[in-house]
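Q: My questions all concern the structure below.
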Amino acid sequence: MATPTPNPEAGGPSAASRELRREVERRRTFAIISHPDAGKTTLTEKLLLFGGALREAGAVRAQKAARHATSDWLELEKQRGISVSSSVLHFDYQGYRVNILDTPGHRDFSEDTYRTLMAADSAVMLIDAAKGVEPQTRKLFEVCRMRQIPIFTFVNKFDRYGRDPLELMDEIEKVLGIDAIPANWPIGAGNGFRGVYDRLDRRALLFSGGDHGTTRPKQVEVAGEPEDIRDALGETADEILGSLELLDGAGAAVDVERVRAGEQTPMFFGSALSNYGVLPFLERFLEMSESPGARESTNGAVDPVTSSFSGFVFKIQANMDPDHRDRLAFVRVCSGRFEKGMSVRHARTQKTLRLANSTLLMGKDRTEMAEAFAGDVIGLFDPGLFRIGDTLCADGEFHYPGIPSFPPEFFMRVDVAGAPKRKALSKGIEQLAQEGAIQLFQEEPGAGSAAMILGAMGPLQFEVMTHRLEREYGVQLRLAKLHFTAARWVGSGFNPTAFRYSETTKLVYDRDDRPVLLFANPWALESAGRLHPDLELLTVAGG
Ligand code: G4P
């Protein structure tokens, strides 16, 4: 099999190739996964603030508000006080270029988050110290697991009385099935949360000030084994010593290689609100996480430095700017140097495209970008050509694996044939499905758009869709609820005529004509497995 064409720049150790390597090596691209309310917005904001990308706390919220004010369909976000869209944020810190792939907070839009995780090199799992592992954390964790990306855990809200750290550690191990190893340990809790003991560098970091706002807290370092620095550990010294001894005795040591392999998650404690523990976490994260690595393609692994430009579309968002009614494809750069105006192959259609309009995304703001490297995300104006999962490459003919689909849990039927403005309606639905705003199913393979079944992760997704079809396409969407609650793709051995259907099970086909079984309840799903022991029921398709 041919390998992707080497980047001519990287042929020898020229200044350009050295620069390319330097640029890739300093990049860290991650997503934060959490259950709503665990503090993702607050942590993101503090990271941006300390990274110098924001001047004031509250700016991310303000930006969300500004986006609400200028956006059309995102009006719904404002009405509901939820976040349904996602963006990309970046900042430079201690020589690193940090790219945060922001994700929607609301559970109903989790498919967007799943797709974004395909573009991330690692994930930060944020846990509320009082609540531990919550349902949404668990789902998102499973997607990270599937990709085997490193997961770093930040236990937030330690300025409140939460659960015992050992208990949280145990819960992560039991519920998520990954080794959780504290990289640091909280000193005090609630009002008395004063710092962390850094288990890796054997030192206490004591915080003061920081006033829950924009200023960095003062950080005093007291080096030494815990028993030698009892005074620094304060009145809870005995308790901390006991826990740390327990951890050391049990051989609970952070192993960077295991972290990078996704087998172990290092735990950090802190409070995003009071800024305590945020920087020690960030610095350790930057040190332990890796720069963008080689990605598998149909032509083997594509090296981020020695291969020429390539990337894939992981997200499409339309009408981010209502003044322009544009559609933006988010491309994760995987290799080489992206340069504005360059020509690339669009692998699916084999077309050559000139990427004249590229934009660097920073929240709601966009700036023209001249170049980008592996790990970066660029926004390309999309004339309707791109689909989620599409590969772009400067040389060669290869594809990155597509972005998988995850099973929806809510289903609606649309009667397109009987609806007014039939053409506009099916075009609108088709385009929104292309964008990944909804999943589309049909009762027969290749049945066209006469009768469609729409699948979503949650009811709000239908609401956004109805709203957008009205605003953007001038059509009314009338939906009839279906009683199904689960979907599974089936393995290649599936025989549609031999399958025993019932009231609670239905066969449909996805946009790629793959058969999908819909189930009304968990019992129907379970009984299908029982009646057809050889049937493969898959929770992920494609990718
Ligand atoms: P999310 O994006 O994960 O949904 O969470 P977000 O940051 O919006 O935080 C949810 C709530 O938790 C917010 O309170 C926020 O201030 C609070 N919070 C975040 N981090 C910490 C922390 O470290 N300690 C404490 N005590 N609280 C934290 P809210 O009352 O819902 O909103 P607001 O009035 O503070 O804006």
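Q: Taking residue 77 as the residue in question, decide whether it is among the charged types (D, E, K, R), under 22 Å from the mean Cα position of the chain (by Cα), modelled with pLDDT of 85 or more and over 23 Å from residue 217 (Cα atoms).
A: No.
Q: Restrict the check to the stretch 295-312 and report whether at least one residue is closer than 30 Å to residue 468 by Cα and either in contact with a His (Cβ under 7 Å, 6 or more places away or on another chain) or away from the ligand (no atom under 16 Å from the Cβ) (or both).
A: Yes, the stretch 295-312 has at least one match.
Q: Output yes when any residue across the stretch 8-16 is at pLDDT 90 or above and in a helix (DSSP H, G or I), and no when none is.
A: So far as the stretch 8-16 goes, no, none of its residues is at pLDDT 90 or above and in a helix (DSSP H, G or I).
Q: Taking into account only those residues within the stretch 490-499 that are at pLDDT 90 or above and surrounded by fewer than 18 Cβ atoms within 10 Å (Cβ to Cβ), which is farthest from residue 453 (Cα to Cα)?
A: Checked the stretch 490-499; the qualifying residue farthest from residue 453 (Cα to Cα) is 498.
Q: Does residue 198 meet the test of being without any contact (Cβ under 8 Å) to a residue 24 or more places away in the chain and surrounded by fewer than 20 Cβ atoms within 10 Å (Cβ to Cβ)?
A: no
Q: Within the stretch 280-291, take every residue that is closer than 16 Å to residue 32 by Cβ and surrounded by 20 or more Cβ atoms within 10 Å (Cβ to Cβ) and give me the one that is farthest from the ligand (Cβ to nearest atom).
A: Here the residue is 289.
Matching residues to (1) surrounded by fewer than 21 Cβ atoms within 10 Å (Cβ to Cβ); (2) away from the ligand (no atom under 16 Å from the Cβ); (3) outside the structural domain of residue 118 (by TED's automatic domain parsing); (4) over 25 Å from residue 283 (Cβ atoms):
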{"position": "145", "(1), (2), (3), (4)": "yes, yes, no, yes"}
{"position": "158", "(1), (2), (3), (4)": "no, no, no, no"}
{"position": "166", "(1), (2), (3), (4)": "yes, yes, no, no"}
{"position": "172", "(1), (2), (3), (4)": "no, yes, no, no"}
{"position": "182", "(1), (2), (3), (4)": "no, yes, no, no"}
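Q: Now for a different question. Within the stretch 444-456, is even one residue at pLDDT below 90 and touching a Gly at 6+ places or on another chain (Cβ under 6 Å)?
A: Taking every residue of the stretch 444-456 in turn, none turns out to be at pLDDT below 90 and touching a Gly at 6+ places or on another chain (Cβ under 6 Å).
Q: Hey, can you tell me all the residues within the stretch 511-535 that are within 25 Å of residue 452 (Cα to Cα) and part of a loop (DSSP other than H, G, I, E, B)?
A: Matches in the stretch 511-535: 511, 512, 513, 514, 520, 521.
Q: Still on this structure, I have one more. Do we find that residue 314 is part of a strand (DSSP E or B) and either under 23 Å from residue 129 (Cα atoms) or in contact with a Pro (Cβ under 7 Å, 6 or more places away or on another chain) (or both) in this structure?
A: no
Q: Quick one: is residue 262 within 26 Å of residue 46 (Cα to Cα), among the small types (Gly, Ala, Ser) and in contact (Cβ under 8 Å) with a residue 40 or more places away in the chain?
A: yes
Q: From the list 251, 177, 190, 262, which residue is within 14 Å of the ligand (Cβ to nearest atom) and either loosely packed, with under 13 Cβ neighbours inside 10 Å or assigned by TED's automatic domain parsing to the domain that holds residue 94 (or both)?
A: 190
The values are calculated or read from the model by the stated rules, or taken from the named source; none is laboratory data. This one's a predicted model, so the numbers in the text were calculated from it and none came from an experiment. Ideal geometry is used to build each Cβ from the backbone, glycine not excepted, and the neighbour counts take in all protein chains shown.
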